[in-house]
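Okay, structure first, notes after.
The values are calculated or read from the model by the stated rules, or taken from the named source; none is laboratory data. Keep in mind it's a predicted model, so treat the numbers as computed, not measured. Heads up, the Cβs are rebuilt from the backbone with ideal geometry, glycines too, and the neighbour counts pull from every protein chain shown.
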Amino acid sequence: MELLPLFQWFEATFIGTKVRESLWMFPVIECVHLLALALLGGTILAVDLRRLGLGLKEQNAADLNRQLHPWMSGSVAMLILTGIPMFLSEAVKCYYSPPFWYKMGLLAVAYTFTLRRRAESRPAAVVSLGLWFSVAFAGRWIAFY
Amino acid sequence: MIPLLQWIEATSGSIAIRESILLYPVIESTHVLTLGLFAGIIALLDLRLVGAALRTVPVSQIATRLLPIALGGFVIMVVSGALLFYSSPVRAYTNIFFRVKLVLILLAGLNALLFHLTIFRDVAGWDTLAQPPPRARMAGLASLTFWSGVIICGRMQAYKWFE
């Protein structure tokens, strides 16, 4: 299936056009995206480091996870909410950008892994950290390639 | 100041980073990714101070266990940030967002210093309170505001609105 027409349509949507034609919208949305990234990074680190026996080790791992979960899903929601208008504004560029496709693939895996996992094991913590940091890394590289 | 920065910009190291296809993006993404390690961890302590997150975890425990990690993140931030500055010092120096960012970092540092020298000394008295005393909440809120400002200015620095 040819996806390019779909991405061209994305770019022509009302939001895509508005964000692209505005001087300040993209940077402002990007700032919120970055603030949410910092918070997500912090919560994921705190939870996964605990699973590795580091950081807040006096706390019960499951309890820590439960307490930070609203902050984690809140920042993921904010990241998606701000990510969509940025994507719409340059959908065709994203279509041709390898880091964009890596990011979306990794994001799907990281998201599923974080929500579905039952294992509290150390390898699971390492995989989670690796996945989320790869998502952020690939995201930054959309700007370069 | 500008002649000195122009001289720095002409050094081979500065040119190498600026013109490298790989070096600049790698340093730049390290700088951005460390946000989680530094700002994200600091934010957890701040959110605890304002009484919003981790309300059952003693404040001193977060400070002892997580601040060293944030400090490590800060070192990576400063080193990668210094390299980015080194790659285009004139552009950074003349950028209004860069200047505001430096002032905000200074303010955030002073806020943290003040917090540790005053209210945090008596942490034993309010360590386990879900809602810390007003001055601790103020320090947390100030830290959240300053560091958010730093992130916003850092991002805005790339756009040439005021150049």
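Of the residues A:LEU56, A:LEU39, A:LEU52, the single one that is closer than 17 Å to B:LEU54 by Cα, touching a residue at least 12 places away in the same chain (Cβ under 8 Å) and within 13 Å of chain B (Cβ to nearest Cβ) is A:LEU39.
Residues in region B:137-154 include none that are among the polar types (S, T, N, Q), away from chain A (no Cβ under 14 Å) and more than 23 Å from B:THR56 (Cβ to Cβ).
For region A:16-73, residues that are surrounded by 15 or more Cβ atoms within 10 Å (Cβ to Cβ), among the small types (Gly, Ala, Ser) and part of a helix (DSSP H, G or I) total 7.
What residue, among those in region B:50-60 that are in contact (Cβ under 8 Å) with a residue 60 or more places away in the chain and either within 9 Å of chain A (Cβ to nearest Cβ) or not hydrophobic (A, V, I, L, M, F, W, C) (or both), is surrounded by the fewest Cβ atoms within 10 Å (Cβ to Cβ)? By that ranking, first place goes to B:THR56. Counting only residues that are of a type in the set (D, E, K, R) and surrounded by fewer than 15 Cβ atoms within 10 Å (Cβ to Cβ), region B:69-125 holds 3 of them. Just one residue in the set A:ALA138, A:ALA77 is of a type in the set (Gly, Ala, Ser), assigned to a helix (DSSP H, G or I), touching a helix residue (DSSP H, G or I) at 6+ places or on another chain (Cβ under 6 Å) and under 17 Å from A:ALA36 (Cα atoms); that residue is A:ALA138. In the set (1) surrounded by 14 or more Cβ atoms within 10 Å (Cβ to Cβ); (2) farther than 28 Å from A:ARG116 by Cβ; (3) away from every other protein chain (no Cβ under 14 Å), A:GLU2 fails one condition alone, (1).
Of all residues in region B:3-20 being among the charged types (D, E, K, R) and in contact (Cβ under 8 Å) with a residue 12 or more places away in the chain, which is nearest to the other protein chains (Cβ to nearest Cβ)? Within region B:3-20, the match that is nearest to the other protein chains (Cβ to nearest Cβ) is B:ARG18. None of B:LEU67, B:LEU47 is out of contact with any Lys or Arg (no Cβ under 7 Å at 6 or more places or on another chain) and without any contact (Cβ under 8 Å) to a residue 60 or more places away in the chain except B:LEU67. Just one of the listed residues (A:TYR102, A:TYR111) is surrounded by 13 or more Cβ atoms within 10 Å (Cβ to Cβ), modelled with pLDDT under 90 and part of a helix (DSSP H, G or I), and it is A:TYR111. Figure legend. Inter-residue proximity from region B:77-97: first residues of a type in the set (A, V, I, L, M, F, W, C), second residues not in a helix (DSSP H, G or I), beta-carbon distance below 8 Å, spacing 6+ or different chains. Indicated pairs: B:ALA92/B:GLN157; B:ILE96/B:PHE162; B:PHE97/B:GLN157; B:PHE97/B:PHE162.
Scanning region B:21-35 for residues that are within 20 Å of A:VAL76 (Cβ to Cβ) and in contact (Cβ under 8 Å) with a residue 24 or more places away in the chain, we see that the one that is farthest from the other protein chains (Cβ to nearest Cβ) is B:THR34. Quick one: which helices (runs of 4 or more DSSP H) sit completely within region B:16-126 and have at least 3 residues that are within 20 Å of the chain's Cα centre (by Cα) and modelled with pLDDT of 95 or more? Passing ranges, in order: B:41-49, B:59-87, B:96-117.
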